[in-house]
């Protein structure tokens, strides 16, 4: 995809980018930066963090130690500092950039207004956006009122991520423990209690460029709910969503008003929600690159590269490279799919079929998160994800054939030879657009 003229004049060769965090997905940031000639420095307190192997240089400094990060940035004379994926790192990164007078796409105030679930829902209601309904405080704060609650309900921390701290509560006896779990997981010890939503699960990816909001992609999502009490884990994202036009006409204008009100000018974010009786109800926003790596699908479908735009912004203060008004289009011309392989508890002893899946012509990316020797805990969090497989085909029939091949080919077993795959998406269980 041709870059715009302004971007062509932005020579990033030799500039230094300090990247906070060393997870597997951070490798995508490093890859994008290196492709532009940027010298990459990765830091994470985890000694063998996967992304460190791809960076030009790495450190073991904790991403939460703001003074140490600040000193590291000064010592290395970096031109930018960036992070993605983990909510907990965004605040430290924004504050360090402010101290260094370096660009960061979000202010601390904007992060608090959007990523704290309580604040996000308040901003949604301010702008007429349907948000998940809270269970009245007087009902869940008094055990004598529990019989008035319509179960199941959702208890979650206000400011955690990756499904951490979330419990689906089916009866009153589980409520107090769920609240304690949410509080203990929340950095600010805040939590929400929401009504359980029955509807079609949707996941929306947005990009903001110079104040203009664009819906870059939208997926219909299915999740596994086979772990009692745990938050459902996503097992498939299918693009484009059958609700794309509904989103463009009813939600995007209101979100545009909200981000304008918050003075958000550039960056990317995702919004999660449901469609209930042809109305979109949202419950969470992440003002960051998504852990589902939807940017891979967006880049494959439209050419727009959110990661590269973030790298440019961190180094230059300009969110350029692709004109969203011209190129962004969530109504993809061909079907795309992201398969998430989720595992049950155990020690991974053997993996079969992964190379055969990588070699499928329609698989354009595969992100493997776990390997032989890794132990999986039944936490109900994204730590149970083994891999994300990204596919595109000319039509849904071809896509279904590939998904069936994945289901038949991938084998992951524990020490006892038992399958660890919790659920794999059945293409015949979903109505494709």
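Kindly establish whether residue 37 is in a loop (DSSP other than H, G, I, E, B), buried (at least 19 other Cβ atoms within 10 Å of the Cβ) and outside the structural domain of residue 316 (by TED's automatic domain parsing).
No, not satisfied.
With respect to (1) farther than 30 Å from residue 265 by Cβ; (2) surrounded by fewer than 16 Cβ atoms within 10 Å (Cβ to Cβ), the lone exception for residue 126 is condition (1). Hey, any hits in region 77-91 for a residue that's without any contact (Cβ under 8 Å) to a residue 24 or more places away in the chain, surrounded by fewer than 23 Cβ atoms within 10 Å (Cβ to Cβ) and under 20 Å from the mean Cα position of the chain (by Cα)? Yes; the residues of region 77-91 include at least one that is without any contact (Cβ under 8 Å) to a residue 24 or more places away in the chain, surrounded by fewer than 23 Cβ atoms within 10 Å (Cβ to Cβ) and under 20 Å from the mean Cα position of the chain (by Cα).
Examine region 120-130 for a residue that is at pLDDT below 95, not in a helix (DSSP H, G or I) and not assigned by TED's automatic domain parsing to the domain that holds residue 259, and state whether such a residue exists.
no
When region 403-429 is filtered for residues that are surrounded by 13 or more Cβ atoms within 10 Å (Cβ to Cβ), closer than 21 Å to residue 242 by Cα and in contact with a strand residue (DSSP E or B) (Cβ under 8 Å, 6 or more places away or on another chain), the ones remaining, listed by number, are 403, 425.
Here the condition is being under 26 Å from residue 234 (Cα atoms) and either in contact with a helix residue (DSSP H, G or I) (Cβ under 7 Å, 6 or more places away or on another chain) or at pLDDT 95 or above (or both); of 302, 292, 333, it holds for 302 alone.
Restricting attention to region 186-198, the residues that are at negative phi and modelled with pLDDT of 90 or more total 9. Return a yes/no flag: does region 101-108 have any residue that is in a helix (DSSP H, G or I), at pLDDT 95 or above and closer than 30 Å to residue 41 by Cβ. Yes, region 101-108 contains a residue that is in a helix (DSSP H, G or I), at pLDDT 95 or above and closer than 30 Å to residue 41 by Cβ.
Quick check on this structure: which one of 400, 383, 388 is assigned to a helix (DSSP H, G or I) and within 20 Å of the chain's Cα centre (by Cα)?
Working: 400 fails: within 20 Å of the chain's Cα centre (by Cα); 388 fails: assigned to a helix (DSSP H, G or I).
Only one candidate passes the filter, namely 383.
With respect to being under 22 Å from the mean Cα position of the chain (by Cα), surrounded by fewer than 19 Cβ atoms within 10 Å (Cβ to Cβ) and either touching a residue at least 24 places away in the same chain (Cβ under 8 Å) or not in a helix (DSSP H, G or I) (or both), residue 47 falls outside the description. When region 198-241 is filtered for residues that are farther than 19 Å from residue 164 by Cα and part of a loop (DSSP other than H, G, I, E, B), the ones remaining, listed by number, are 198, 199, 210, 211, 240, 241.
Would you please name the residue that is surrounded by the fewest Cβ atoms within 10 Å (Cβ to Cβ), looking only at residues in region 305-321 that are at pLDDT 95 or above and in a loop (DSSP other than H, G, I, E, B)? Full working, then the answer.
Looking only at region 305-321, we keep the residues that are at pLDDT 95 or above, and these are 305-319.
Among the residues that remain, those that are also in a loop (DSSP other than H, G, I, E, B) are: 305, 317-319.
Details: 305: 20, 317: 13, 318: 16, 319: 23.
Among them, the one singled out is 317.
On the stretch given as region 237-263, residues that are surrounded by 15 or more Cβ atoms within 10 Å (Cβ to Cβ) and on the phi > 0 side of the Ramachandran plot total 0.
When region 146-160 is filtered for residues that are buried (at least 21 other Cβ atoms within 10 Å of the Cβ) and either assigned to a loop (DSSP other than H, G, I, E, B) or at positive phi (or both), the ones remaining, listed by number, are 158, 159, 160. Looking at 227, 209, 177, can you tell me which residue is modelled with pLDDT of 90 or more, over 19 Å from the mean Cα position of the chain (by Cα) and assigned by TED's automatic domain parsing to the domain that holds residue 328? Answer to the check: 209. Every residue in region 158-175 that is in contact with a helix residue (DSSP H, G or I) (Cβ under 8 Å, 6 or more places away or on another chain) and over 12 Å from residue 194 (Cβ atoms), please. Of everything in region 158-175, those that are in contact with a helix residue (DSSP H, G or I) (Cβ under 8 Å, 6 or more places away or on another chain) and over 12 Å from residue 194 (Cβ atoms) turn out to be 159, 160, 161, 162, 163, 164, 165, 172, 175.
The values are calculated or read from the model by the stated rules, or taken from the named source; none is laboratory data. Keep in mind it's a predicted model, so treat the numbers as computed, not measured. FYI the Cβ positions are ideal-geometry reconstructions off the backbone, even for glycines, and counts take in every protein chain you see.
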